[in-house]
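Have a look at the structure below, then the notes.
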Amino acid sequence: MNFNKKLYFKVLGLCFYVFLGVLVFFMIIPFLWMISVSLKSSGHVTQTLSALIPRNITFKPYVDAWVGAHFSRYFLNTVIFTVGSTMFTLFFCALGGYTFARLRFPGRNALFLLILFSMMIPDSARLIPQFLIVKFFPLAGGNNLLGKGGIGLIDTYAGLILPFAVTGFGVFLCRQFFVRLPEELRAAAKIDGCSEFRIFYQIMLPLAKPAIIALAIFTFTFRWNKLLWPLVVTQSKGMRVLAVGLAIFQGEQRTLESWNTMMAAATIVVIPMVLVFLLLQKHFTKGTSLSGLKE
Amino acid sequence: MFKKGRSWTSLSKRESRNAYIFLSPILVLYTLFALIPIGMLFYLSFTEYSVLMPSKWIGLENYKYLFLKDTVFIQSVINTSYYVAGTIFPTILLGLLFAMLVNRPLRGKGIIRSCIYLPYVTPVIAAALVWRFLYEPFEGGFINYLISWFGIKPINWLGTIRWALPSIMVMSIWRNVGFSMVLFLAGLQGIPERYYEAAKIDGANRVQQFWHITLPLLKPVILFVLVLATIGAFQVFQEPYIMTEGGPALSTITIVYWFYLMSFRSLRFGRGSAISLILAMMIFILSIFYLKVLKFKEE
C-alpha cells in the first residue's frame, strides 16, 4: 500500500515534468525555429522540423540582412531612439516623481491628476496630433516662426524622440516609490544646507534604484517595440528604425527562398531584447510587480 | 513669533519655486505632446483635413460617415472585438494556470519561468514574422507539419477568411501569456501560506481552496491584468500588418489598422482622428465598466 502510493506520486510527478517540458518546448520553439532557419542556405529553408539543427551552417543570411538590407543602419537608429528617449524619460520622470512625492506647492494634486488622466489615452489617439506638431514645429527643418514652409522635425532624431521623452506612467511609478522613502532623510540633509536638487540627485536618486531600473527596462522594451510612430515620422531609408526596416523588408520579399534572410533580420531585432532580459531577469519580474500591484 | 512665521513662508515659497523648476521640462513636453494633442484630436475629428489643404469644419460628418457608410470601419470594429474577447480570456486563464504550476518548489523553476516570459519581451514585429513562417502552407511549414501527425491535411492558415484571425489570436496569446503569469505569480506569493494550512485543517480540498482562497484574494490582480490586456488588445495593429495585411477579404482588418490606412495612406486626417477618438472612448468606457462591476462584486 505504502509502496504503491509512493509509486503513484512518482509517476504523477514525472507526468507533471513531462507536461511542463512540452509547454516550455512550445513557448520557445518559434525562437529555435527562427534561429535555425536563419542559419540555413536558401535551398534548405523548406525543410521540416526534423532539420531543426541545421547541417550546413551558413552566416550568409546575416550578412545579407546586416549589410545588404541596411539593418546595421536601422540598428544604430534604434539604439539612438531607444537609449535617447529612455535616458530623457528616466531623468525627467525621476525628478518629476520626486517633486510630486516630496515637495509641497500649489496645484500639486491637480497637476498629478492631469498626468494620471493622460495615461489613459491610447498612443494611437495621439498619433495624428503629434505628427502635425512635429511637422509644424517652428523654426525647424525650414519652417518659419508659424511652422509653415518646411518639414519641421519630420525625419530627424529630435522628432522621433521628443514626443516620447516623458511618460505619465514613469512619473507615476517614480512618485509611488519616492513616497515610501523616509521623510527624515530630506529633513536632515536640509538642516545641513543641502540644496533641493542635490538632495534629489545625491541622496534620493541612489535610493530609488529599483524603481529606476524597472522604469528603464519598461521604457526600453516599449521603445524597441514601437512601430507606428517611427513609421509615420521617418521617411528616408537612413532614418528607419529596426521595426520599420523589418516591416518594409518583409513586404519586399515574397519568395519562400528569402525566409532565411528574413529570419536573420528578425533575429537581429530580437537578440538585444533577449540579452537585456536574460541579464536583468530579476529586475524584470520585480519591476512588473512594482508597477502598481503593491498598494 | 513673527520672524519664525516669515521664514516659514519664504521657505515654502522657495520650495514651490523649486518644484516648478523641477517640473518645467515635464510640463512643457506634456503640454506639447499630450494635452494639446487631445484638444487637437477633438477638433480635427469634426473637420475635413489633409496636411496639404487648410482644415474645413464639417460637424459630425466624419462620425456619420464612419457609422453609416464605412463598411470597412464596421468590419474593423467587429474584428477587433472578436480579437479582444478571444485573446484576453485565454491569456488570463493560461497565465493563472501557468503561475499556479510554477509557484511550487520545482527543479529548474527559473528556467521554466523565463521560457514562458521570453515571448513577451520579443518585439511584436519579429514575433509576428516568425509566426507567419510557422503558418506557411508549404509542406515543411511547422504548424501544418505538426497537425499532419494527427492526420489533418495542410491548411492555408493566414490565407483563408475562416482561419486568419484565429491564427493571429493564437500568436498573441502565446506572446502575452508570460506577462499575465508574472503578475499572477506576484499575486500568489502575496497570499499567506497559513490561509491554506487553516483550510486544510478544516478539510478543504484543492478545488475548494482555489475557489475560496486563491481566487478571491487574486481579484485585484485579475482586474489589473484584465484592464491592461484589454487596453493592449484593442490597439492591435502590428500583428495583422505583418501577418496578413488586413486580408483575406478584410477578415483581419483592425481599428488601428484602418485608422493608419485612413490617416497616413489616404491622408484623411479628420476621419482618422474620428476613428482614434472612437477607439479611445471604447477603451475608456470598458475600463470604467471593469472597475465598477468587479469592485461591486468584491464587497
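Assorted remarks:
- If the condition is being of a type in the set (Gly, Ala, Ser), surrounded by fewer than 22 Cβ atoms within 10 Å (Cβ to Cβ) and in a helix (DSSP H, G or I), then region B:109-166 contributes B:GLY110, B:SER114, B:SER148, B:GLY159.
- Unique residue being among the small types (Gly, Ala, Ser) and in contact (Cβ under 8 Å) with a residue 24 or more places away in the chain when the list is A:ALA189, A:ALA247, A:ALA214: A:ALA214
- Meets criteria (away from every other protein chain (no Cβ under 11 Å), in a helix (DSSP H, G or I) and within 21 Å of the chain's Cα centre (by Cα)) for A:LEU90: yes
- Region B:231-265, residues that are polar (S, T, N, Q) and under 13 Å from the mean Cα position of the chain (by Cα): B:GLN235, B:GLN238
- Criterion (assigned to a helix (DSSP H, G or I) and either within 11 Å of chain B (Cβ to nearest Cβ) or farther than 27 Å from A:VAL79 by Cα (or both)) met by exactly one of A:ILE128, A:ILE121, A:ILE151: A:ILE128
- Qualifying positions in region A:250-267 - more than 9 Å from every other protein chain (Cβ to nearest Cβ), surrounded by fewer than 22 Cβ atoms within 10 Å (Cβ to Cβ) and either touching a residue at least 24 places away in the same chain (Cβ under 8 Å) or not in a helix (DSSP H, G or I) (or both): A:GLN253, A:ARG254, A:THR255, A:GLU257, A:SER258
- Candidate set from region A:95-118 (those that are within 7 Å of another protein chain (Cβ to nearest Cβ) and hydroxyl-bearing (Ser, Thr, Tyr)); member that is surrounded by the most Cβ atoms within 10 Å (Cβ to Cβ): A:THR99
- Residue check for A:TRP33: at pLDDT 85 or above, part of a helix (DSSP H, G or I) and facing chain B (nearest Cβ under 10 Å): yes
- Elements of type helices (runs of 4 or more DSSP H) in region B:1-93, at least 2 residues being away from chain A (no Cβ under 14 Å) and surrounded by fewer than 20 Cβ atoms within 10 Å (Cβ to Cβ): B:2-30, B:61-64
- Cβ pairs under 6 Å, 6+ apart, first in region A:83-112 and in contact (Cβ under 8 Å) with a residue 12 or more places away in the chain, second acidic (Asp, Glu) and surrounded by fewer than 21 Cβ atoms within 10 Å (Cβ to Cβ): A:LEU103/B:GLU15
- Qualifying residue in region B:172-192 (condition: surrounded by fewer than 12 Cβ atoms within 10 Å (Cβ to Cβ) and either acidic (Asp, Glu) or modelled with pLDDT of 90 or more (or both)): no
The values are calculated or read from the model by the stated rules, or taken from the named source; none is laboratory data. Remember, predicted model here, so these are calculated numbers, not experimental data. Note: ideal-geometry Cβ built from the backbone for every residue, glycine included; neighbour counts use all protein chains shown.
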